Each structure stands twice: as structure tokens, then as C-alpha cells.
Amino acid sequence: MRGVLFDGRRAEVVDDLEVRDPGPGEVLVSVAAAGLCHSDLSVVDGTIPFPVPVVLGHEGAGVVEAVGVGVTHVVRGDHVALSTLANCGTCADCDRGRPTMCRRAIGRPGRPFRRGGRPVFQFAANSAFAERTVVKAVQVVPVPKDIPLPCAALIGCGVLTGVGAVLNRARVDRGDRVVVIGTGGVGLNVVQGARIAGALRIVAVDAHPAKEEAARRFGATDFLTSVDGVRELLPDGADHVFECVGRVELIRAAVDLLDRHGQAVLLGVPPATAEASFLVSSMYLDKAILGCRYGSSRPQRDIALYADLYRTGRLLLDELVTRTYPVEDFARAAADAEAGKVARGVLTF
Ligand SMILES: [Zn+2]
Ligand SMILES: [Zn+2]
């Protein structure tokens, strides 16, 4: 079967991958569509170290092809969105509703694929850039069949991360003033999460003026090309500033734009050794800096909620899919994503 393989030097489309049958508690999914997220490109450029060879992709949706022993919540033929969170479901963190903190979910990449007789790693417990993949049952969330699968695919990373950061981590409240720095795939989801939460002002900041139209469609009340103008719009500062770019000077700007009791939420991913600074005295006014992993999500609950919000017109998904590419055109999809031409490019199988 076809898939996008990274061998440590380059990522390319290959057609001689194999995937094993699902074991107990696993599901074999025929992938229909998979979004190209910056984290996939970060593996290729080394920002995210990962063992190779590896099949990329971590934001997918498709159709259940087979279930392993003990899987009862989906059956063959169900449409599903995939989460990357292979949490165990039984540890103390999982039990208290914090599956993103499950220690048994991180740092143990499986190798369900083979190529030329050799095992191939699975990226983010997911590898959605393959015609078929095997994932844990907890990662498979049924979605209604009237949701186009290219839209459902985006729920699994960009939407869970962006909307989840707003609703689960920051807990934006109605009437709040929100600033969103960077309006790529995650940033647009932060913008629409803030709209869904009832924020009064949503100031989107992006260096590319061409991003204004999309930002406003998703819910931004204001658009700026630099953080320098935010104080003119919000003289007292913001209740929540989301940094979605991953640059230390923008993290500093996020902290400096907070009103009393405000919080800066860090979603961008700078290099692993990056350090940021801030004035300690500025934090005395009950301010906070929050990290956020994967939207602090509970995928079985949140993906179902986001699917319903989409069906009632409140969560925009079609508008996120800037362009679809057959998987053979991975190189062009990657180039367009690097150039910032697309909110989300989606590979189809
Ligand atoms: Zn992602
Ligand atoms: Zn766990």
C-alpha cells in the first residue's frame, strides 16, 4: 500500500508498505483523508526528533476495516476520526480525565508497518499518511457519516489542539478579551473556539495581511499584522493571549499584553532548547503562563462535541480545508504548507 515515509533524510511517497492485522484492543482503519500539520514537517526538519524509518501523518479520518478482540465501540464500516492520543485508559491520570497526561502514552512508538521485510515506526501513534493504519481503540472516535472525511480528519489535531486550548485549558468565558498570535491551522481554531466560548473581543494577529479574511470568517473581531497595535485596541490588555507561532519574542509579547489576572497560553513550538524571558514583577498581578498539550483534550468526548458543533454550523471545518491533494502530491502539499499558502492542506487516498 501507499504511504509517506521519512527515512531520516527525505520524506517520499512509497507504494510497498504493509501493515499488520489489529491485535486485541486495536482497530484497523482505512484512511480516507489526512491533514498535513506542521508537526509532520517538524519531524522532517528535525525539530521533533523521531526514530526512522517512520510513516508520517497524525490528523486523519477514515473507515473502520477490522477490529481486534475486545473492541466494541466501533464496527467495520463506521466512519471515524483518529486522535493521536494512545492513552492507556487505566492509569490515575486517565481515570481523573486527563488522558493527555497519561505517561504510558508517550515515548513508546510502535512499529505496525513493514517495508522490504523491515519494521517501520508509527508517528504519533497514528501514521495517517498511509492507506491503512492500526491504532488503539481509545484513538478511534465514531463520527456521523454526513461529515465529509476530509473535514473530520482535521478534528484529530488542529481542532482538538486549538479549540481544546480555549475550552479546556484557558476556559475562556463569555465577554473575555482574547488575542490570538498566528492564524495558521491551530490559530484559526483558537479564534473559532473563542467565538464559541462567547469572547467579546477576538484580536487576531498575523504578519500576512492575506490571512485577515479567514481570521474574520472564523470569528476575529479585529485583525492586526503586528502585536504592536494590540494596546490601541485593548488599552488594559487581554484576558487570554494565545501564542500559536512558537517564537520567543512573541511569547514575551504575549506575556506583556496580559491584563491583571490574564493568562498567556503557549501553543507554538519553538526549538526544544529555546528559552524565553519575562519581567517577574509583571506576574505579581495574578498572571499566568500556561503550557497546553493537545488541547488538554478528552478525545472521545471532545471529537463527538466538535462533530456536533460542525453539524449545527458553529464549528467551521470546510473552510479550514484550503486544498486537497492526492497522496502522490505530498511534496507539493508540503511546499505549500511551508510557504504558508494554506490553512490546512489535506491528503486524500
Ligand atoms: Zn498536528
Ligand atoms: Zn493512562
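Being away from ligand 2 (no atom under 16 Å from the Cβ) and buried (at least 16 other Cβ atoms within 10 Å of the Cβ) is the filter here, so list the residues in the stretch 111-125 that pass it.
Pass one, the stretch 111-125, residues away from ligand 2 (no atom under 16 Å from the Cβ): 111-124.
Passing the criteria: P112, F113, R115, V120, F121, Q122, F123, A124.
The requirement of being among the charged types (D, E, K, R) and surrounded by 13 or more Cβ atoms within 10 Å (Cβ to Cβ) is satisfied by R298. Only a single item in (1) under 20 Å from R260 (Cβ atoms); (2) crowded, with 24+ Cβ neighbours inside 10 Å is not met by R174, and it is number (2). Would you please name the residue that is nearest to A34 (Cα to Cα), looking only at residues in the stretch 126-166 that are of a type in the set (V, I, T) and within 16 Å of ligand 2 (Cβ to nearest atom)? Only one residue fits best here, namely V135. Looking at the structure I just gave you, is V186 in a helix (DSSP H, G or I), more than 16 Å from ligand 1 (Cβ to nearest atom) and under 14 Å from the mean Cα position of the chain (by Cα)? When the stated conditions are applied, V186 does not pass them.
Residues are listed down the side, and each one gets a yes or a no for (1) within 17 Å of the chain's Cα centre (by Cα); (2) crowded, with 24+ Cβ neighbours inside 10 Å; (3) within 16 Å of ligand 2 (Cβ to nearest atom):
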{"residue": "L28", "(1), (2), (3)": "no, no, no"}
{"residue": "G35", "(1), (2), (3)": "yes, yes, no"}
{"residue": "S42", "(1), (2), (3)": "yes, no, no"}
{"residue": "F50", "(1), (2), (3)": "no, no, no"}
{"residue": "G57", "(1), (2), (3)": "yes, yes, no"}
{"residue": "V63", "(1), (2), (3)": "no, no, no"}
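Take the residues of the stretch 11-48 that are among the acidic types (D, E) and within 16 Å of ligand 1 (Cβ to nearest atom): which is farthest from V143 (Cα to Cα)? Checked the stretch 11-48; the qualifying residue farthest from V143 (Cα to Cα) is D45. For the stretch 81-95, a residue qualifies if it is more than 16 Å from ligand 2 (Cβ to nearest atom) and either within 13 Å of E26 (Cβ to Cβ) or at pLDDT below 95 (or both), and exactly one does: L82.
Scan the stretch 74-105 for residues that are touching a strand residue (DSSP E or B) at 6+ places or on another chain (Cβ under 7 Å) and either within 16 Å of ligand 1 (Cβ to nearest atom) or not β-branched (V, I, T) (or both) and report the count.
If we filter the stretch 74-105 for residues that are touching a strand residue (DSSP E or B) at 6+ places or on another chain (Cβ under 7 Å), which is where we start, we get 74-83, 86.
With the extra rule that they be either within 16 Å of ligand 1 (Cβ to nearest atom) or not β-branched (V, I, T) (or both), the set shrinks to 76-79, 81-83, 86.
Number of matching residues: 8.
The values are calculated or read from the model by the stated rules, or taken from the named source; none is laboratory data. Just so we're clear, the structure is a prediction, and the values are computed from it rather than from any experiment. Backbone-built Cβ (ideal geometry, glycine too); neighbour counts: all protein chains shown.
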